[in-house]
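Undergrad: This is the structure I want to talk about, given as structure tokens.
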Amino acid sequence: QSVIQLHEGYVANHSAPHHFCYTNTRVPQWHNIWTRMQIRVKSSRMIRVTQVGSEEELEGSSVWNIVFSFLKEKLNDTSIDVDLYSNKTCLKVELLEAGTTYCVALFRRFDPKLFLVFFLGLLLFFCGDMLSRSQLFYYSAGISFGLLASLLILVYMMSKVMPRKSPVYILLVGGWSFSLYLLQLIFKNLREICKSYWQYLLGYLLLVGFVSFGVCYRYGPLENKRSISLLSWALQLLGLLLMYSGIQIHPVALALVVIAICTKNLDYPLQWAFTAYRRVQSARLGPSPPCLLTEEEYRLQGEVETRKALEELRNYCRSPDFSAWTAVSRIQSPKRFADFVGGACHVTPNEVSVHEQEYSLDDIFEDELSEEDEKEN
């Protein structure tokens, strides 16, 4: 069959099976970060749409293509996303009933879903620490996971109940992929299901939601610090993946992910930069001269250290490890020692006055002046 080449803005109606290919000639720019290109196929009846990577694969029929064609959903309204970096995207449309007409359109537009995915990833990355400790997030995530994974859990339970040699057990070998296919089918037809079977959908949501809440309430929120840290790291990693997948331009997505990581851990780069700057400055200027104490600083430091050492000595004398009788037998004034341990001053007023007369700083300063005068004379 001839291959119809698609271009942006292409809209055409067809009534026969055809092969279509789109060749990308535009280089993605930074303003296309939330731009999506899609090929939409809409028909009046059920058709089968198969996407391939090149024109050669349109005519080929491998075993995997045959299996995939059986598993491929028959739709009358489907959209195929075109990667902005792909060189060529091809598809073939097969009619299942005679007299079917379908419309093929190729367009480029701003997709708000991509922006929502990016914003959700940004929220999970920066609020992962807070969400991992929130009880509301714990129960909400548990109920949502129970609603989405109920089909997988059902297949798992059936595989445990079925006997090993049962023929039905063979069908459960591909049960997980079949469950994922069912989830995809349900989400694509969610609007029709909500309109026609809303009673069953509401009952399913209430039943599975109540069971999921019971399981979450039975085990309770996370309390172990390591479990909370693992959940926080998982949420942050999921946030980074959503941020990257929500942007179509790969270099811009990678740059925003790196900026987000640096912004969240801004303290560490600043500390590293400041430490490196200090080392460079110290290596350039050489060792700095020691800072000398002034007379007032010297006096205050001596008083503080003396007071601290005397308090440590009193605490040691009051402790059970101190041998009081041995110490009393060796000192000349046991009463003065007992008063000191009780909180009294370690020197008498007479000793203070004698010390000030002999070792006062004023006398020392006068002696130094007199020595300098003698040297000058």
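The values are calculated or read from the model by the stated rules, or taken from the named source; none is laboratory data. In this text, all values refer to a predicted model and were calculated from it rather than measured experimentally. We place every Cβ from the backbone using ideal geometry, glycine too, and count neighbours over all the protein chains shown. Calculation scope for accessible area: heavy atoms of the full protein, side chains included, ligands and nucleic acids excluded. Shrake-Rupley method; radii C 1.70, N 1.55, O 1.52, S 1.80 Å.
Undergrad: Say each of PHE322 and LYS113 gets a label point 7 Å from the Cα, pointing the same way as Cα to Cβ; how far apart are those two points in nm?
TA: Distance between label points: 7.9 nm.
Undergrad: Next question, about the same structure. Taking H placed 1.01 Å from N in the peptide plane, check which residues at least 5 places from ARG108 or on another chain put their amide H under 5 Å from its amide H.
TA: Sorted by chain and number, the residues that satisfy this are GLY9.
Undergrad: Given points 7 Å out from each Cα along the Cα-Cβ axis, report the PHE274 to SER245 separation in nanometres with one decimal.
TA: 3.9
Undergrad: Convert each backbone phi in segment 276-281 into a coupling constant with the Karplus relation 6.51 cos²θ - 1.76 cosθ + 1.60 (shift: θ = phi - 60°), then list the ³J(HN,Hα) values in order as whole Hz, x for Gly and Pro.
TA: Along segment 276-281, the couplings run 5, 5, 5, 5, 5, 5 Hz.
Undergrad: Now for a separate question. Over the heavy atoms of LYS42, what accessible area does a 1.4 Å probe trace out, to the nearest 10 Å²?
TA: Surface accessible to solvent at LYS42 totals approximately 110 Å².
Undergrad: A follow-up question, please. So what is the diffusion coefficient of segment 277-317 in µm² per second by Stokes-Einstein at 4 °C and 1.567 mPa s, using a Kirkwood Rh over Cα pairs?
TA: In µm²/s, the coefficient rounds to 97.
Undergrad: Work out, step by step, the length gained on full extension between VAL211 and ALA234: first 0.36 nm times the residue separation, then minus their alpha carbon distance; give nm to one decimal.
TA: The span from VAL211 to ALA234 would gain 5.8 nm if fully extended.
Undergrad: Same structure again: Residues with amide H under 5 Å of VAL82's amide H, sequence separation 5 or more or different chain, H placed in the peptide plane at 1.01 Å from N; which?
TA: MET37, GLN38, ILE39
Undergrad: Compute the whole-percent fraction of alpha carbon pairs in segment 203-281 spaced more than 20 Å apart.
TA: Across segment 203-281, Cα pairs with separations above 20 Å total 63 percent.
Undergrad: Obtain the nm distance between the two label points defined at TYR197 and LEU254 by a simple spin-label model: each point lies 7 Å from its Cα along the Cα-to-C-beta direction.
TA: Using points 7 Å along Cα→Cβ, the separation is 4.5 nm.
Undergrad: Go through segment 321-335 residue by residue and turn each phi into a ³J(HN,Hα) via Karplus (6.51, -1.76, 1.60, θ = phi - 60°); whole Hz please, and just put x for glycine and proline.
TA: 6, 7, 8, 5, 5, 5, 5, 5, 5, 9, 9, 7, 10, x, 5
Undergrad: Please give the contour-minus-distance gain from ARG314 to ALA141: 0.36 nm per residue of separation, less the Cα-Cα distance, rounded to one decimal in nm.
TA: Between ARG314 and ALA141, full extension yields 56.3 nm more.
Undergrad: Which residues' amide hydrogens lie under 5 Å from the amide hydrogen of ILE4, considering only partners 5 or more residues apart or on another chain, with H built in the peptide plane?
TA: For ILE4, the qualifying residues are HIS19, PHE20, CYS21.
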